[in-house]
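One structure is given here, and the rest of the page talks about it.
Each value in this text was obtained by applying a stated rule to the coordinates, not by laboratory testing. As the structure is a prediction and not an experimental result, all values here were calculated from the model. Every residue, glycine as well, gets a Cβ built from its backbone with ideal geometry; the counts of neighbours run over all protein chains shown.
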Ligand code: DQA
């Protein structure tokens, strides 16, 4: 049975401010907190964290991670709702991708309810705060057991 050895988290614009920005929506936990919880829960998996505020850098990171065969946890933030270029990038990807949103994008402004990228992912986890990333790790390991 194939085993996941590495998982790449790719975060989009403004997520470097997690823990500080709009805490009433996104909570006060930081990605540092999350990474230590991930290491506790999945000690055998190397977790790589990438964040960029630039669409082109995110596209390049997706292609590079795909070329390396590493599954992806993806939160493209506002670009989820707007970027055809990122949707096209994901359409070309073979590795499993789980889309995560910290907040419940279906319960907020209408423009957030549309994801241009979700159709290219194996699933989407929304509204569970940073715990969504841990749930995505569970999902990816389960996906591997199921499909590979
Ligand atoms: C987000 C939701 C997006 O609508 C928003 O633009 C973000 C974060 C989330 O994780 O809840 O920046 O992707």
Qualifying residue in region 122-132 (condition: away from the ligand (no atom under 16 Å from the Cβ) and more than 25 Å from residue 28 (Cβ to Cβ)): yes
Residues (closer than 19 Å to residue 8 by Cα and out of contact with any helix residue (DSSP H, G or I) (no Cβ under 9 Å at 6 or more places or on another chain)) located in region 80-134: 132
